[in-house]
Amino acid sequence: MDKKQQPKIIRFLESLGLEDVTRFGMDFEFVASDSRNKSLVHMTIRKETPWDYALMTEFMDALQNATFLMDIRFVYAEEPGEEDISEFFSDFCFNKHRLMSDISVKYQDGHYVTKKEEGIEAAVQDFNELLAFLSYGLKIEVVDELKEEKPEPKKEEAKAEPQPVEETPEEEEDEEPEEENEEGFAEENESVPEEYDAIAEDMAQHDEEVKEAYVHFKENERIQEQLSIKELYNNFGGNFEITGYVFGYEMRTTRRGQAMATFGLGDDTSAINVRGLEDKEVLSPAVLGSISNGAHLKVRGAIEIDNRPGPNEGLYQFYLHSFDVLPPKPLRDDPCEEKRVELHAHTKMSAMDGLADASDYVKLAHHMGMKAVAITDHGVIQSFPEAEGACLKINEKITDAEDKFKVLYGVELYAFRN
């Protein structure tokens, strides 16, 4: 039968904005206000099972909603095993560092270890700080190779005869209400076991260790070194922030059912492929779908080498963690009082001779005060419809016929004798 949660832990979790709090499998083993600082609450929380990544993230985010200071120590009814740590670490590496390979943790020679690969050192450092906050009492180390496990021969277990169990009626104990402070916790816990005397003795040191680990963990999520895309190619193993314009945007669904967006991002120094996978925290399908070609983005993530088979295999790629949409780059101004009219312009329809869209030329010319612009591609007229559409959009807001913008349609032809 499941153990009934204490009313105090339920009130605490619900005060953080969490719902269905039985999912967390928590109870207080010790909770009391600090004798010298009534706004600080010391807690020892007993968790029935090891953490999984999704539940841990939900709890950590909810702690930001607390209205009082707290010092938390965890104890576990079920110690985490190799499989628990490996799955937890793998999810952490994917969601926080976008490490895409099959990452695992093994317990060998008395230590938890993982195989060395690009970007893993930074992930291990962040993960160990998280483990310290969660009071796991262990660290992961990076090794060059994992040892192969040799299967042990199976042993036949002797079948034991079932023994009758005598049922004893359970006695219900009436819980006397405790006097609570403003935060809803007891001023003192008179039923604290003797082993918690040791907790009180080293509480000051423990406070500093937990606070430092928590601060480092949260700061490492936010700290991004801002680089140009050219500088990015010389940096590995950390989180970075770059700014640029989107091109070649595509979105599809992976075989696992996740939304995935891929696009190029370019600035004045270079360009790089960017890949963003749907996650439960930031990159929802709607968020990834909001990206468009030409958008000005500030993106955060990590640079890796794409190991997937395909045309980009072995190339550098930026794994997207989050992004912000920035205002578009302002158009150039023309300081000359007497405006000219551009009579020779090639769009990207002129192969190897033009880069811009016809609509970009129309918008820029109008912004600079020109009354018209000529489109003169090499032997083609495919850009005319786009130029006409941009012109009509501008003229919708102009009432005076003499002020309306004009597109001069031309073409650069070649004459030769037949």
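We did not get these values from a lab; they are worked out from the coordinates using the rules stated. Note that this is a predicted model, so its numbers are computed, not measured. So basically every Cβ, Gly included, is an ideal-geometry build from the backbone, and we count neighbours across all protein chains shown.
Numbers below:
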{"read-out": "Added length on full extension, which subtracts the Cα-Cα distance from 0.36 nm per residue, SER104 to LYS397", "value": "99.4 nm"}
{"read-out": "Distance (nanometres) between label positions extended 7 Å along Cα→Cβ at GLU342 and ILE305", "value": "4.2"}
{"read-out": "Relative contact order %, segment 220-352, counting alpha carbon pairs below 8 Å whose residues are six or more apart", "value": "22"}
{"read-out": "Theoretical FRET efficiency, 1/(1+(r/R0)^6), r = Cβ-Cβ of ARG256 and ALA356, R0 56 Å, to 0.05", "value": "0.90"}
{"read-out": "J(HN,Hα) series, segment 384-396, from Karplus relation 6.51 cos²θ - 1.76 cosθ + 1.60, nearest Hz, glycine and proline x", "value": "4, x, 5, 5, 5, x, 5, 5, 4, 5, 5, 6, 4"}
{"read-out": "Rounded Å value of the spacing that divides the Cα centres of segment 386-418 and segment 52-120", "value": "60"}
{"read-out": "Relative contact order of segment 1-131, pairs being alpha-carbon contacts under 8 Å that are 6 or more residues apart, as %", "value": "18"}
{"read-out": "Ordering of 123-132, 293-302 by burial proxy (mean other Cβ atoms within 10 Å per residue, highest first)", "value": "123-132, 293-302"}
{"read-out": "Whole-number percent relative contact order across segment 1-74, with pairs defined as alpha carbons under 8 Å at least 6 apart", "value": "31"}
{"read-out": "Amide H within-cut-off set for TYR249, under 5 Å, with H built and near neighbours excluded", "value": "GLY264, ASN293"}
{"read-out": "Cα-Cα P(r), segment 252-301, percent of pairs per 10 Å interval", "value": "22, 55, 20, 2"}
{"read-out": "Theoretical FRET efficiency, 1/(1+(r/R0)^6), r = Cβ-Cβ of SER292 and LYS38, R0 51 Å, to 0.05", "value": "0.45"}
{"read-out": "By average C-beta atoms within 10 angstrom, highest first, the peptides 259-272, 57-70", "value": "259-272, 57-70"}
{"read-out": "Computed label-point distance, nm, for sites ASN418 and HIS378 using a 7 Å Cα→Cβ extension", "value": "2.4"}
{"read-out": "20 Å reach of a label modelled at LYS329, 7 Å along Cα-to-Cβ, counting backbone N of segment 354-392", "value": "354-369"}
{"read-out": "In order through segment 362-367: 3J(HN,Hα) via Karplus (6.51 cos²θ - 1.76 cosθ + 1.60), integer Hz, x for Gly, Pro", "value": "4, 4, 5, 4, 5, 4"}
{"read-out": "Which listed pairs, of LYS230/LYS363; LYS329/LYS363; LYS371/LYS404; LYS4/LYS280; LYS363/LYS397, have C-alpha distances above 19 Å, in listed order", "value": "LYS230/LYS363; LYS4/LYS280"}
